[in-house]
Amino acid sequence: MSKRVAVIDLGSNSARMAIFERTSRLGFFILREYKVKARLGEGAYEKGGVLQESAMSNVLNTFREFKYFLSIYKVSKVLCTGTSALRDAPNSNLFINRIRRELGLNLRVISGDMEAFYGGIAALNLLTPLDEATTIDIGGGSTELAKIIDGKIVDIISLNLGTVRLKELFFDKGDINGALKFTQDIIDTIPPHFASRDIIAIGGSLRAISGAIMQLQNHPIRLVHNFTYKYSDYMDLINKIAIDNELDLKIIGIKKDRFDTIRQGAMIFSAAAKNLKARMVYTSGVGIREGVFLTNLLRPNLKSKELIQMPQKYKIAFPKGFNPSLRSLQDRFAKRDNSITTKHVKALFEILAPLHKLNPSYLNELIIASKLYNIGRSVGFYSENSHSGYLVKNALNYGYTHQQKALIASIIEYQGKTINNLGEFQNLLPDIEIIRWLSFLLSLGAALSLSPNISFEFASNTLYIKGAKDFLMLKDEIRKLIKPAIFAISFE
């Protein structure tokens, strides 16, 4: 597969392009992302779905700009998909041929089921793992759902219900009651087995709602991906957004570029969440673009027809225990192999368990911190821990909750420091004593990474470190560490 791959997603309201860069066979990150409200579906829903000339011209101009950036970043492979507006349009083939002829881009129309499948694949691989969940992806012309059980997509459905469709058919005419009835009638067709307590929210409208909730909470992590909230806590707010005017939307914290379609998105989401019996909402910053990329990366030889006919047969997933964000950070920023540090922190966590009494689950975050604690060295030696923590908070994006990211970053940032308070991340973090212990264990393991041939014993309230007696610099560094409890360290 090419080093840089671009995925273009042409919807009814927006055209988006993501440029993915692979850092190793399965490690990757998003190098750049672009979004333009090209509004391909504008004016079409009242005219039998026929694409209007002005809308097609907007998309052509947008794609020309995309091609400029494809050239700038030397992208070698482009995957270009079109969704609801193109599916509905009787003149879609004329437009697709025009794109191919004028720009040399092969625009492929995907079915609603395929759109649902791609959203599900992205959520499965790049969100916090969930045993059972239902994705809901609200777009301009359609809404897609995928039911996930035990790491597989077991069913998919596409509904002809979207924000632009509602806007043109009802909101622009002031017919809110008509919009409510139209929405509810379609939502009622969702089969009962799609119900799930855990809902994965995909699409610009739902990300905007999550962004507003994060602002109300003064949430310290700005990235909306993997932000979670209890639906009942914000059900009234979501219903309010569905009927508010622009002035009210500003007060709530909705971004201006979402004013024209956010109410419709909130209306659809409110009806769907009630139908699905939602309790928790997991916000997905990934969707069709990531799904297209991952399918091409992990199962490039499968055909769309095979995936749709038997989606439960094909598990498109990374190897067990593999995380693409972790791998990408290591590929790009790690200046040395940290496996010895990881080995030591694991041993120290286990042997000092009678002293620290931490929940064994914290070992997972400590191990991740041990793999990334010095990636800030790529920025510079001074403030290395702060640089490493910043990279974790802003680039360890896939597969980790906001609480996990905050904890991993804090373990790294507080190495060798006296911790009196946890600052802006306090509400996401465990007790300060836990942070003190985890940060100390990382500092101690990192100091001992000079040698793999070190062993430990804990007895009589003393940690005996065997095999490091002649390392003067190491011993001096360890003596400076701030211990979170009273115990002795002896070198043998």
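The values are calculated or read from the model by the stated rules, or taken from the named source; none is laboratory data. These numbers were taken from a predicted model, which means no experiment stands behind them. Positions of Cβ are generated from backbone atoms using ideal geometry, with glycine treated the same way; all protein chains shown enter the neighbour counts. Heavy atoms of the whole protein, side chains included, go into the accessibility calculation; ligands, DNA and RNA do not. Shrake-Rupley method; radii C 1.70, N 1.55, O 1.52, S 1.80 Å.
Ligands, DNA and RNA are left out, and with a 1.4 angstrom probe the accessible area of region 276-428 is 46 Å² per residue.
Want the number for Ser111 to Asp233: 0.36 nm per residue separation, take away the alpha-carbon distance, what's left?
On the way: separation 122, 0.36 × 122 = 43.92 nm, distance 3.48 nm.
So the extension gain works out to 40.4 nm.
Counting heavy atoms of the protein chains only and a 1.4 Å probe, report the per residue accessible area for region 114-231 as a whole number of Å². Don't jump to the answer; show the numbers that get you there.
Values: 4080 Å² over 118 residues.
The answer is 35 Å² per residue.
A DSSP coil position with no more than 16 other Cβ atoms inside 10 Å describes the following trypsin sites (Lys or Arg not before Pro) in region 1-32: Lys3, Arg25.
Pairs Lys357/Lys466; Lys173/Lys277; Lys240/Lys393; Lys181/Lys315; Lys230/Lys250: which are spaced more than 28 Å apart, C-alpha to C-alpha? Numbers along the way, then the final one.
On the way: Lys357/Lys466 23 Å; Lys173/Lys277 31 Å; Lys240/Lys393 32 Å; Lys181/Lys315 38 Å; Lys230/Lys250 23 Å.
Lys173/Lys277; Lys240/Lys393; Lys181/Lys315, as the Cα separations exceed 28 Å there.
Measure off, as a whole percent, the carbon and sulfur share of the 1.4 Å-probe accessible area of the chain, all protein chains present. Don't jump to the answer; show the numbers that get you there.
Working: 10650 of 21440 Å².
Carbon and sulfur together cover 50 percent of it.
For Met473 and Asp131, FRET efficiency with R0 = 30 Å and r from the beta-carbon atoms, rounded to 0.05? In this case the efficiency is close to 0.05.
Compared with the direct C-alpha span, the chain from Asn245 to Lys466 gains 72.6 nm at full extension, assuming 0.36 nm per residue.
Calculated FRET efficiency, Arg197 and Ile432, Cβ-Cβ r, R0 45 Å, to nearest 0.05?
Values: r = 32 Å, r/R0 = 0.72.
That pair, Arg197 with Ile432, gives E of 0.90.
Charged neighbours of Phe381, selected by a Cβ distance under 14 Å, balance to +2 (K, R count +1; D, E count -1). With each label modelled as a point 7 angstrom along the Cα→C-beta vector, the Leu103-Asp172 pair spans 2.3 nm.
Debye calculation, C-alpha points only, no solvent: report log10 I(q)/I(0) for region 270-412 at q = 0.13, 0.14 Å⁻¹, in the same order as the q values. For the requested q values the scattering log ratios are -0.78, -0.86. On the beta carbon distance between Leu450 and Gln215, with R0 = 41 Å, the FRET formula returns roughly 0.35. Net charge in the neighbourhood of Lys343 (other residues with Cβ under 15 Å of its Cβ; Lys, Arg +1, Asp, Glu -1) is +2. Would you give the gap between the C-alpha center of region 414-459 and the C-alpha center of region 62-81, rounded to a whole Å? Region 414-459 and region 62-81 have Cα centres spaced 45 Å from each other.
If each residue of separation counts as 0.36 nm, what is the full-extension length gain between Tyr68 and Arg25 once their alpha-carbon separation is subtracted?
Values: separation 43, 0.36 × 43 = 15.48 nm, distance 2.70 nm.
Contour length minus the Cα-Cα distance gives 12.8 nm.
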